[in-house]
Amino acid sequence: MAKKKIIVGMSTLSEIRDKDGVYVDKTRFIDYLENNAGTSVPVFLRPRRFGKSLTASMLHSYYDISEKEQFEKNFKGTWIYDHRTPLASSYYVIHFDFSYVLSESSQVNDSFINAVVDGISYFSDKYPEYGLTAEELEPSLYKNATDVMSKFLRNFSRNAKAGEYLYVIIDEYDHFANEILTKDKESFKDITSTAEGHEGLIKQFYALLKSNYRGNRNGGIDRFFITGVSSVSLDSVTSGFNIATNISSKPDFQEMIGFTHDELSAIIDETVDFSLLSGVTKEQIINLMEENFDGFSFSEDANEQIFNSNLCLAYLDALISRKRIPDPNEISLNDDAGKLRGMLSLCEDDVREEIVKAMFNKEPIVTKLPDKMNLNSTDYFDKAQMISLLYHLGYLTIDTEATREEGISSFVIPNKIYEKLFLDYCRQAIGYQADSNKDLTAMYEESADITPLLETMTEQIENKLNPQSLGKLSEMALQLICDSIINNSRKRQLTSYTEFYTGKGFADVLVKNTYPNGHYFLLELKYLHKKDDSKSAVEGKFAEAREEIEKYREGTVLKEKVGNRPLDSYAIVFVGSECRLCKKIN
């Protein structure tokens with residue numbers, strides 16, 4: 001049987017179906033939204049690159065009157081095709097995509113107008129009698145997005161017949177606001193301001209939608225579907241849009257966006273021809289994707305964790321096109337340590353320090369998620385609000401297996417992709433940057449001696465970490481210190497890669513040597529606190545490191561990276577600041 005295509009970058013249902021692309025049937029959630037959401041104004045939040053736009057497109061195709069003739073093409077073979085609801089193909093759907101709104105303060109207003117004009121223009125092409133003309137949609141005619149939306153809503157209400165209503169879809173409602181939030185808190189407050197006479201552009205726009213909502217008064221809008229990442233923007237406009245209900249943590253909707261394990265397994269079967277991939281197995285790919293793209297729980301009562309669907313599809317597409325296992329770190333989140341630093345600047349120093357230390361040491365963070373996150377009522381987020389923001393952005397997720405009190409949640413980093421992102425943040429932000437110009441000549445010359453590296457690590461731990469930090473030192477911290485020393489060493493002949501994917505798992509540190517005929521190094525770092533020091537404990541850690549090295553050296557990705565160069569593998573155990581055991585594994 002011919003394999004289905006992976007359609008990367010397409011967010012509309014009709015395009016995927018037209019091109020016979022692989023599609024995970026999530027149409028049962030159409031019925032859930034109508035009957036289980038408890039609201040006709042649901043807000044659904046998930047981290048970036050999670051597949052929210054495809055869900056918005058699915059709803060557009062299902063409810064839009066103009067798509068009625070395409071119903072069979074779009075939905076045949078899906079759950080909803082055999083369980084059609086009375087509201088199918090019954091609305092005039094207007095669809096806004098705010099992911100293109102620019103975040104620079106000087107451009108926000110104009111680009112917001114353009115995004116609203118684009119949505120109205122597309123609607124008007126389908127329903128000219130209910131929309132606006134091209135002349136009326138000239139962006140320069142309007143001071144803000146609210147003005148053009150108001151004109152459209154008046155025209156729709158004037159021409160709509162009895163029983164004809166709008167279904168408003170807003171995709172990525174907060175994309176530009178979140179970008180502003182990480183760069184300029186005061187600009188964010190300005191666009192969400194609720195002060196009388198000084199309402200921000202977001203407050204004005206959503207207040208207009210609220211005033212035209214049929215459930216609130218006799219308006220032309222009957223239903224909404226709004227996607228985004230965080231509730232902070234809507235929370236900050238308070239009463240401006242208090243008709244909305246956040247359904248993101250309801251157990252019924254845990255699987256609406258993202259892939260379950262069974263869904264991912266089926267996708268792999270439908271798309272990947274393993275006969276074309278030498279030495280690659282389905283189990284190997286699933287294990288790799290579990291480590292990097294899985295781990296998300298959005299409800300305390302979730303039955304299983306969820307994969308980030310967009311990252312999974314991008315990874316499988318790379319696997320198929322390259323005919324080899326790609327490095328997961330090449331699949332971009334479009335996030336970086338700078339954005340994380342911007343988010344963490346929204347809380348006080350002591351709160352940030354507590355959160356960073358817990359994340360750095362892979363410790364769970366326990367708190368109760370706040371009901372609201374209104375930045376206009378405070379200058380800084382408290383701990384619970386900051387954790388909530390990191391959770392909504394995907395940096396943390398709910399640990400459903402943790403013992404907890406009622407209403408209290410435990411949060412952990414979901415997977416290795418986010419661990420690496422956080423490690424990059426730590427390298428930049430919390431004082432573990434190694435001194436530059438350390439002499440590691442012995443490593444890259446013929447002797448290939450790592451003693452100078454180990455001595456420098458001890459020196460850095462003793463001199464750059466205070467006793468409190470030393471007490472919380474972890475293997476992740478050792479990786480970071482080792483990585484910083486190597487990448488800042490004199491002459492720059494060595495390059496370090498932390499959490500390097502070998503093809504058989506992730507090695508702590510791989511050291512690339514650009515010196516002619518120089519050795520590569522595979523380092524597996526283990527750590528014990530002094531209070532846990534014993535001969536058996538050290539030997540146990542060493543045995544773990546040796547076993548991991550033996551596995552990693554069989555990885556095809558590592559072999560391709562090293563090529564014909566000698567590879568020296570070391571199992572290293574630190575106790576406190578002391579390198580207690582270091583052995584070369586032959």
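The values are calculated or read from the model by the stated rules, or taken from the named source; none is laboratory data. Because the structure is predicted, anything quoted here is derived from the model rather than measured. All Cβ positions, even for glycine, are placed from backbone atoms using ideal geometry, and neighbour counts span all protein chains on display.
Quick notes on this one:
- Of all residues in segment 125-150, those satisfying the criterion of being touching a Phe, Trp or Tyr at 6+ places or on another chain (Cβ under 8 Å) and part of a helix (DSSP H, G or I) are ALA145, THR146, VAL148, MET149.
- When the test is whether a residue is surrounded by fewer than 21 Cβ atoms within 10 Å (Cβ to Cβ), assigned to a helix (DSSP H, G or I) and either of a type in the set (A, V, I, L, M, F, W, C) or touching a Pro at 6+ places or on another chain (Cβ under 7 Å) (or both), ALA162 does not pass it.
- Residue match in segment 244-256 (condition: over 24 Å from SER309 (Cβ atoms), touching a residue at least 12 places away in the same chain (Cβ under 8 Å) and not hydroxyl-bearing (Ser, Thr, Tyr)): yes
- Restricting segment 5-56 to residues that are within 21 Å of the chain's Cα centre (by Cα) and of a type in the set (D, E, K, R), the residue that is farthest from LYS76 (Cα to Cα): ARG48
- Residue in segment 375-393 that is touching a strand residue (DSSP E or B) at 6+ places or on another chain (Cβ under 9 Å), among the β-branched types (Val, Ile, Thr) and either part of a loop (DSSP other than H, G, I, E, B) or closer than 17 Å to ARG48 by Cβ (or both) present: no
- Considering segment 255-334, the qualifying helices (runs of 4 or more DSSP H), each wholly inside and each with 1 or more residues that are among the basic types (Lys, Arg) and surrounded by fewer than 17 Cβ atoms within 10 Å (Cβ to Cβ), run over 282-293, 309-322.
- Among the candidates VAL366, VAL351, VAL356, residue that is in a strand (DSSP E or B) and either closer than 21 Å to PHE44 by Cα or assigned by TED's automatic domain parsing to the domain that holds SER409 (or both): VAL366
- Test: residue in segment 45-54 that is surrounded by fewer than 22 Cβ atoms within 10 Å (Cβ to Cβ), more than 15 Å from ARG17 (Cβ to Cβ) and of a type in the set (A, V, I, L, M): no
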